1. Could you give each residue of the stretch 90-98 its phi-based ³J(HN,Hα) in whole Hz, using Karplus coefficients 6.51, -1.76, 1.60 with θ = phi - 60°, and x for Gly or Pro?
2. Whose amide H sits under 5 Å from the amide H of CYS25, counting only residues 5 or more places off or on another chain, with H placed in the peptide plane?
3. Which ³J(HN,Hα) values, rounded to whole Hz and listed in residue order, are derived for the stretch 101-107 from phi using the Karplus coefficients 6.51, -1.76 and 1.60 in 6.51 cos²θ - 1.76 cosθ + 1.60 with θ = phi - 60°, glycine and proline given as x?
4. Pick the calculated mean projected area of the Cα convex hull in nm² for this structure from (1) 6.7; (2) 11.6; (3) 7.2?
5. In whole Hz and in residue order, list the ³J(HN,Hα) couplings for the stretch 51-63 that follow from phi through the Karplus curve 6.51 cos²θ - 1.76 cosθ + 1.60, θ = phi - 60°; x for Gly and Pro.
Amino acid sequence: MTDTLFSKIINREIPADIVYEDDLCLAFHDITPQAPVHILIIPKQAIVKIADAAESDQSLLGHLLLKARVIAKEQGYEDAFRLVINNGSAAGQTVFHLHVHILAGRQFNWPPG
């Protein structure tokens, strides 16, 4: 995998407004927010997209989702947030390092656009 914007954030080569970090993941505010709260949570292990995840990534993927819940709660949105994972450019993925969008702070419609 080549260097991505997110790997550069992990390596502190470019700044980010970090809200959470542990040995497995990093979470920071999106620079182009689509909701009042728009945080990205990324694994430190490089996975290009969710379709590329292996069975051996199961624990890491679960960790991302559970930490997303904690981060949403810390932001004041324990019971009203949306998680989004885009897979591939046709689905809107623009940075090819797996990431989970945590969106909160406004009403969301269904189906999503």
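All of the numbers you see were taken from the coordinates with simple rules; none came from a lab. Just so we're clear, the structure is a prediction, and the values are computed from it rather than from any experiment.
1. 5, 9, x, 6, 10, 10, 8, 9, 2
2. LYS44
3. Listing the rounded values in order: 7, 9, 10, 7, x, 8, 6 Hz.
4. Among (1) 6.7; (2) 11.6; (3) 7.2, the one calculated here is (3).
5. 5, 8, 5, 9, 3, 5, 8, 3, 5, 5, 5, x, 4
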